[in-house]
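The values are calculated or read from the model by the stated rules, or taken from the named source; none is laboratory data. This is a predicted model, so every value here is computed, not measured. Quick reminder, even Gly has a Cβ in these numbers, built from the backbone with ideal geometry, and neighbours come from all protein chains shown.
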Amino acid sequence: MTVLAGIRFKNGLVVASESQETEDDYLKRLDVRKVYGTDSVGFEDAKIILAGTGDSAHIERLVELIRQKGWEPDFTRPRDVADVAEDCMREMVERYGQRFDVGLLLGVWCRNTPTDDPRLKRLVLYTVNPPGVAGAVKDYAAMGSGGPFASYLLHRFHDAEKPTHRLSAEAATREAVYVVEEAKKVQLHCGGETQVMRLFEDGTEQPLTPKQVEAIVDDLKRRDERIKRHQQEMLERGRNVAKK
């Protein structure tokens, strides 16, 4: 089980995940890799972030299959990479049937995307779900067992007046880390360290180190404590007014 969060910001996108895997509802690992970068697939004309929800062995096999099927084509649009991911997922569904239950967040940047058509984007975030359908994400997406709660939090943060495309990379990263950390608190099968990777419109791929993520988490905890105290003070003032 997993929680994934992906956010489009002003000049890029960020994907975050926790790192727990639960077996038989009582055995768990807290060091499972769920976020992969371009080095995992070896593409030369595209950069990717690939994060998976589901069994880690199935995620690893899907990444391996994408690498095998994606080395030969010349990618000129992010949709070309998404098509490869769709084909690979369909193959996995046919091979493993109901045992295969993996969803992907896929961020793609293509070096050779034509610039003469403004409708063609060089950087796109997709969700990919069985049996193999990749849908482009306009602003944000959350997946996995903790996905509904993460989606609720993201929906509270954003509306027509506060779209994600106005966020800086730092603000979007903090937001992605926050929703993953909060999902861990309410979803039994989510835990472990948070993994984060960013991809920018100029093709820069930027994984965050554990220390960088830990610093964000610590700062969020301090701010959360201040918010809790402020809420408690408001409630207390409300009770005092009601008594008068």
Filter pass, A160 being among the small types (G, A, S) and at pLDDT 95 or above | no
For segment 46-81, what are the residues that are hydrophobic (A, V, I, L, M, F, W, C), under 19 Å from A5 (Cβ atoms) and part of a helix (DSSP H, G or I)?
-> I59
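Does any residue of segment 27-40 turn out to be of a type outside the set (G, A, S) and closer than 17 Å to G147 by Cα?
yes
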Qualifying residues in segment 131-165 (those that are closer than 12 Å to Q187 by Cβ and small (G, A, S)) - the one nearest to the chain's Cα centre (by Cα) | A142
Return a yes/no flag: does segment 197-209 have any residue that is crowded, with 17+ Cβ neighbours inside 10 Å, of a type in the set (V, I, T) and in contact with a strand residue (DSSP E or B) (Cβ under 9 Å, 6 or more places away or on another chain).
-> no
Of the residues G146, G132, which is touching a residue at least 60 places away in the same chain (Cβ under 8 Å) and touching a helix residue (DSSP H, G or I) at 6+ places or on another chain (Cβ under 9 Å)?
-> G146
Selection count where residues are loosely packed, with under 15 Cβ neighbours inside 10 Å and either within 24 Å of S151 (Cα to Cα) or of a type outside the set (D, E) (or both), scope segment 66-95 = 5
The condition from (1) in contact with a Lys or Arg (Cβ under 9 Å, 6 or more places away or on another chain); (2) under 25 Å from E86 (Cα atoms); (3) of a type outside the set (F, W, Y) that P148 misses is numbered (1)
Looking for whichever is closer than 25 Å to R67 by Cβ, exposed (fewer than 15 other Cβ atoms within 10 Å of the Cβ) and without any contact (Cβ under 8 Å) to a residue 60 or more places away in the chain here; the options are R99, R111, R156. Which one fits?
-> R99
Within segment 169-184, identify whether any single residue is among the charged types (D, E, K, R), exposed (fewer than 13 other Cβ atoms within 10 Å of the Cβ) and over 20 Å from E205 (Cβ atoms), and answer yes or no.
-> no
Take R174 and decide whether it is at pLDDT below 95, in a helix (DSSP H, G or I) and not hydroxyl-bearing (S, T, Y).
-> no
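Each row is one residue, and each column tells you yes or no for (1) out of contact with any Ser or Thr (no Cβ under 9 Å at 6 or more places or on another chain); (2) at positive phi; (3) not polar (S, T, N, Q).
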residue	(1), (2), (3)
S17	no, no, no
E21	no, no, yes
V41	yes, no, yes
K47	no, no, yes
I59	no, no, yes
Among (1) more than 25 Å from T194 (Cβ to Cβ); (2) touching a residue at least 40 places away in the same chain (Cβ under 8 Å); (3) not hydroxyl-bearing (S, T, Y), E72 falls short only on (2)
Select from segment 159-168 the residues that are among the hydroxyl-bearing types (S, T, Y) and crowded, with 17+ Cβ neighbours inside 10 Å and list them in ascending order.
-> T164
Taking interchain pairs and intrachain pairs at least six residues apart, which have beta carbon atoms under 6 angstrom, with the first residue in segment 215-236 and within 20 Å of E181 (Cβ to Cβ) and the second of a type in the set (K, R) and part of a helix (DSSP H, G or I)?
-> I216/R174
How many of the residues in segment 125-145 are buried (at least 20 other Cβ atoms within 10 Å of the Cβ) and either hydrophobic (A, V, I, L, M, F, W, C) or in contact with a His (Cβ under 8 Å, 6 or more places away or on another chain) (or both)?
-> 7
